[in-house]
Amino acid sequence: MGIYVLGIAGASGAPYARRVLEQMLLANHDVKVVITDSGRKVLDVEENLLLTGNTDADTPLVLEWANGNGATGTLQLYHHQDVAAPIASGSFGIDGMAVVPCSGGTMGRIAHGISNGLLERAADVCLKERRRLVLVPREMPLSLIHLRNMTAVTEAGAIVLPASPGFYHNPKSINDLIDMVAGRILASLGIDSPVMKPWLGADPHSYSEEGLH
């Protein structure tokens with residue numbers, strides 16, 4: 001069992017966070033969750049999950065939202081201003097952190113070491129301790145400021161993983177697209193998951209004399 005931090009910021013993409021959290025719990029990991037105020041608003045809009053900001057009251061709701069039937073992992077929800085939380089210190093060992101989704105503002109603060117709250121501080125700790133940090137932006141189009149911030153966090157050791165699903169696996173539903181991005185996030189954290197479908201080459205039966213169907 002590993003210890004992972006999942007940050008949820010105020011960008012569109014809450015379904016990706018739900019799927020990542022579910023798979024972490026199903027894989028028997030200990031997950032520390034931090035949700036910003038803007039992140040809570042996105043959860044309400046995209047997932048109909050209305051959180052109060054009271055972590056004791058909200059933790060059961062987040063567990064239910066994750067929908068991890070049969071999950072054996074543990075979840076602890078921290079308030080985003082709880083800078084005394086264990087994950088705010090480099091002395092507290094974790095295996096990695098993902099911010100899913102990662103807003104442009106959150107990316108910029110992480111890129112410049114500005115910790116307005118626990119999410120940015122936990123990410124800053126990952127960078128200074130040389131731990132895995134995966135940032136999942138979902139912005140379009142990207143400004144030069146966004147691109148420079150992505151370059152800065154990459155140079156500092158983070159992985160920028162845009163929420164850009166592919167289509168070569170012939171997705172049949174929105175869930176298939178969610179799974180593709182969630183699987184890549186988990187793989188970047190070193191977590192094995194059944195939602196990650198590796199590319200094994202083109203199916204020869206998908207070809208004809210006219211080309212690819």
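Of the conditions (1) exposed (fewer than 13 other Cβ atoms within 10 Å of the Cβ); (2) over 19 Å from Val195 (Cβ atoms), Thr72 fails just one. Which one is it?
(2) is the only condition that Thr72 fails.
Just to be sure, is Arg18 among the basic types (Lys, Arg), over 24 Å from Ala187 (Cα atoms) and touching a residue at least 12 places away in the same chain (Cβ under 8 Å)?
Here the answer is no, as Arg18 does not meet what is asked.
Can you tell me which residue within segment 154-173, out of those that are within 21 Å of Cys102 (Cβ to Cβ) and without any contact (Cβ under 8 Å) to a residue 24 or more places away in the chain, is surrounded by the fewest Cβ atoms within 10 Å (Cβ to Cβ)?
This residue is Glu155.
Filter segment 98-137 for residues that are of a type in the set (A, V, I, L, M, F, W, C) and farther than 11 Å from Gly7 by Cα; which is surrounded by the fewest Cβ atoms within 10 Å (Cβ to Cβ)?
Ile114
Within segment 25-42, how many residues are in a helix (DSSP H, G or I) and touching a strand residue (DSSP E or B) at 6+ places or on another chain (Cβ under 7 Å)?
Qualifying residue count, segment 25-42: 2.
Can you go through Thr154, Thr106 and tell me which one is closer than 20 Å to Val33 by Cβ and at pLDDT 95 or above?
After ruling out the rest, the residue left standing is Thr106.
For segment 99-149, name all the residues that are closer than 19 Å to Ser188 by Cβ and of a type in the set (Lys, Arg).
Matches in segment 99-149: Arg130, Arg131, Arg132, Arg138.
Assuming Leu49 fulfils every condition listed in (1) assigned to a loop (DSSP other than H, G, I, E, B); (2) within 25 Å of Asn116 (Cβ to Cβ); (3) in contact (Cβ under 8 Å) with a residue 40 or more places away in the chain apart from one, which condition is it?
Against the list (1) assigned to a loop (DSSP other than H, G, I, E, B); (2) within 25 Å of Asn116 (Cβ to Cβ); (3) in contact (Cβ under 8 Å) with a residue 40 or more places away in the chain, Leu49 comes up short only on (3).
Matching residues to (1) of a type in the set (Phe, Trp, Tyr); (2) part of a loop (DSSP other than H, G, I, E, B); (3) under 18 Å from the mean Cα position of the chain (by Cα):
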{"position": "Leu147", "(1), (2), (3)": "no, no, no"}
{"position": "Thr154", "(1), (2), (3)": "no, no, yes"}
{"position": "Pro162", "(1), (2), (3)": "no, yes, yes"}
{"position": "Gly166", "(1), (2), (3)": "no, yes, yes"}
{"position": "Pro171", "(1), (2), (3)": "no, yes, no"}
{"position": "Asp176", "(1), (2), (3)": "no, no, yes"}
{"position": "Met180", "(1), (2), (3)": "no, no, yes"}
{"position": "Ala187", "(1), (2), (3)": "no, no, yes"}
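Do we find that Ile114 is assigned to a helix (DSSP H, G or I) and over 19 Å from the mean Cα position of the chain (by Cα) in this structure?
no
The values are calculated or read from the model by the stated rules, or taken from the named source; none is laboratory data. A quick note: this is a predicted structure, and the numbers were derived from the prediction, not measured. Every residue, glycine as well, gets a Cβ built from its backbone with ideal geometry; the counts of neighbours run over all protein chains shown.
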